[in-house]
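Have a look at the structure below, then the notes.
What follows is calculated from the coordinates using simple rules that are stated; it is not laboratory data. These figures come from a predicted structure and were not determined experimentally. Reconstructed Cβ throughout: ideal geometry from the backbone, glycine too, with neighbour counts over all protein chains shown.
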């Protein structure tokens, strides 16, 4: 489901957090940070990623309450936008329904070369880091889960991490960095921050074809993104990076 803004965080905690002796987890996925980390290290190999399954692999003994995925729709690239929409739709309907897509936006700006005078349009992602920060703080204040799992290495989130911890000191916080992304500032706030291993990514891909059980509509893995069968990494990729190890 697409969520524009953060009004969904006004829910009463008891309405959506089951009572259980098992620790509850809400994951906050920085789509921009994750996407570029995956592209930098693995190209398009792991873009067809099942976020719910990945979070369950990272926290196998906990109860996953929600996986909040923060991103923005691509602008002025129809083919890329089509792939992104296919992925978002497949992600939303696959699994147990814990994934929530929170959309920010891209803002255009005109850039000019000082030397040659050429002018072009560039885009900056807006609202994503703000939306993540608001969600982390609001969920901490509402005691929405026992643990916050932050999948990002964006140090701009540090003020939100500090505020959330001051509001709810008892809420556990875990940081999982995307490939080739790290943050000394986040490591200083969250001890044991770790980099997501290739083995967890490789074993957390969506099926090549995802069917909507309600409408019957089929969403297929984009042709530019390698299939699960071709995503086998090298033997050296098949180990889990220990918590605290640099990426």
Ranked on Cβ counts within 10 Å of their own Cβ, fewest leading, 224, 41 go 224, 41
One finds, for residue 217 and residue 118 with R0 = 45 angstrom and r their Cβ-Cβ distance, a FRET efficiency to the nearest 0.05 of 0.55
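Sorted from fewest to most neighbouring beta carbons within 10 Å, what does the list 211, 59, 45 look like? Could you put the intermediate results ahead of the total?
On the way: 211 15, 59 18, 45 22.
Least crowded to most crowded, the residues run 211, 59, 45.
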The residues 150, 93, 161, sorted from fewest to most surrounding Cβ atoms within 10 Å, come out as 93, 161, 150
Expressed in nanometres to one decimal, the distance between label points 7 Å along Cα→Cβ at residue 224 and residue 188 is 3.8 nm
1/(1 + (r/R0)^6) with r = Cβ-Cβ of residue 23 and residue 43, R0 = 51 Å, i.e. FRET efficiency to nearest 0.05, evaluates to 0.90
